[in-house]
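Inspection log for the structure reproduced underneath, given as structure tokens.
Rule-based calculations on the coordinates, nothing more; no lab input. Everything quoted here is computed from the prediction, not taken from an experiment. When we count neighbours, we look across all protein chains shown, and the Cβ atoms used for this are built from the backbone with ideal geometry, even at glycine.
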Amino acid sequence: MAERRNRIYFFHKHDEELLQQVQSLTTLAQQNDFVVVNDYRSANIIVSIGDDGSFLQAVRQTGFRDDCLYAAISTLSSRGFYCDFHIDDTDHMVQAIMNEQMEVRRYPIIEVKINDTASFFCLNECSIRSGIIKTFVMDVFIDNLHFETFRGDGMIVATPTGSTAYNKSINGAVVDPLLPCFQVSELASLNNNRYRTLGSSFILSGQRKLTLKISPEGNHYPIIGMDNEALSIQHVEKVEIKLSDRLIKTVRLKDNSFWEKVKRTFL
Ligand code: NAP
Ligand code: MN
């Protein structure tokens, strides 16, 4: 028999006001036969309390677990993209649990390998940006094909759920998270007789690998971002990105599909 998911870990900032709200959520959880644990490693449900940025941190700091169900409770006025619940709407949470209005959705994530050694996951995107006033150069490979030589500010490689974040601000397409793929978008590419890039965003299948080889020309290395965290490795020469075999499972309310969220947020 499948193990019942009832061990909850609450991930949140430790400010006064929030702590009180977490206390009431803990009581509510206990009244509904959940065990609230203090160590995320012993949890099988991880709930972030805050905004979408907090959810990204919750998933990152708990190691992108695929044996856990993630959920997010918003403390902002609107629910955002990763938050299905609102902190003031506890009735809705209990109702959802009781009436089984929840489904599990699975979000694709990307895996980023740096300099042939360390690997990292991203739920929104991996961003590669010039750290100085000047542009930087990189060779872009799709599988083994040398596709283009990029010179400019950088590139954003986004997951489907990340497509509504940074990727959207630079005119990338919004991608349905049911599609196992990832999207590559340019940040201010130079296009002239010496440098030529595709210019538009492109979407790669989950079977492909994107490789970026950064030219150490002038010793300027770009800044690498993984969701809302900067990578601490400084001299990055090679970045390989592919879709991970792993998926992040989140609870989803039946009336809160991805396209409902897109409509609610942008239209
Ligand atoms: P932030 O600077 O507060 O985030 C910017 C905004 O993006 C916030 O309103 C955030 O929502 C929202 N957001 C985060 N993930 C989203 C998603 N998947 N779909 C739609 N909106 C999303 O920093 P943060 O809250 O830590 O979020 C980090 C993310 O910010 C990065 O992963 C990147 O995607 C994005 N970002 C965007 C730009 C840009 O558009 N120019 C630049 C840098 C970073 P909440 O307020 O609910 O957190
Ligand atoms: Mn935020």
Expected max-MSF residue from ILE133, ILE241, ILE203 in the GNM of the chain (alpha carbon, under 10 Å) is ILE133
For ASP67, put the label point 7 Å out on the Cα→Cβ axis and report which residues of the range 43-59 keep their amide N under 16 Å from it.
43-46
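When only C-alpha pairs under 8 Å and at least 6 residues apart count, what is the relative contact order of the range 109-245, in percent?
The normalised contact order for the range 109-245 reaches 33 percent.
So between GLN101 and GLU260, what do we pick up on full extension, going 0.36 nm a residue minus the alpha carbon distance? Numbers along the way, then the final one.
Working: separation 159, 0.36 × 159 = 57.24 nm, distance 1.60 nm.
Result for the pair: 55.6 nm of gain on full extension.
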For LEU56, what is the net charge nearby, where nearby means another residue's Cβ is under 12 Å from its Cβ and Lys, Arg count +1, Asp, Glu -1?
-4
Please compute the length gained on full extension between GLN234 and VAL94, using 0.36 nm multiplied by the number of residues separating them and subtracting their Cα-Cα distance.
45.8 nm
So what is the orientation-averaged projected area of the chain, using the convex hull of its C-alpha atoms, in nm²?
16.0
Which whole-number percent gives the relative contact order of the range 181-267, counting Cα pairs below 8 Å spaced six or more residues apart?
26
Just want to confirm a number: the relative contact order over the chain, from Cα pairs under 8 angstrom separated by 6+ residues, in percent.
20
Give the shape of the range 7-100 as rounded, prolate or oblate, defined through the alpha-carbon gyration tensor: a ≥ b ≥ c are the square roots of its eigenvalues, a/c under 1.5 means rounded, and otherwise the shape is prolate if a/b is larger than b/c and oblate if not.
rounded
For ASP176 paired with ASN192, estimate the spin-label separation in nm (one decimal), with each label point 7 Å from Cα along the Cα-to-Cβ line.
4.3
Of all lysine pairs in the chain that are eight or more residues apart or on different chains, those with Cα atoms under 19 Å apart total 13
What translational diffusion coefficient, in µm²/s and rounded to a whole number, does the Stokes-Einstein relation yield for the range 113-163 at 10 °C and a viscosity of 1.306 mPa s, taking the hydrodynamic radius as the Kirkwood radius over Cα pairs?
126
Ellipticity estimate at 222 nm from DSSP helix runs (n ≥ 4, -39,500 (n - 2.57)) divided over the chain, nearest 500
-5000 deg cm²/dmol
Could you compute the net charge surrounding GLN207? Neighbours are other residues with a C-beta less than 10 Å from the C-beta of GLN207; K and R count +1, D and E count -1.
+2
If each Cα of the range 192-267 is one equal point scatterer, what is log10 of I(q)/I(0) from the Debye formula at q = 0.18, 0.20 Å⁻¹?
-1.11, -1.19
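Under Stokes-Einstein, with the Kirkwood radius over Cα pairs standing in for Rh, what whole-number D in µm²/s applies to the range 72-230 at 10 °C and 1.306 mPa s? If you can, show how the numbers build up before the last one.
On the way: Rh = 17.5 Å.
Rounded to a whole number, D works out at 91 µm²/s.
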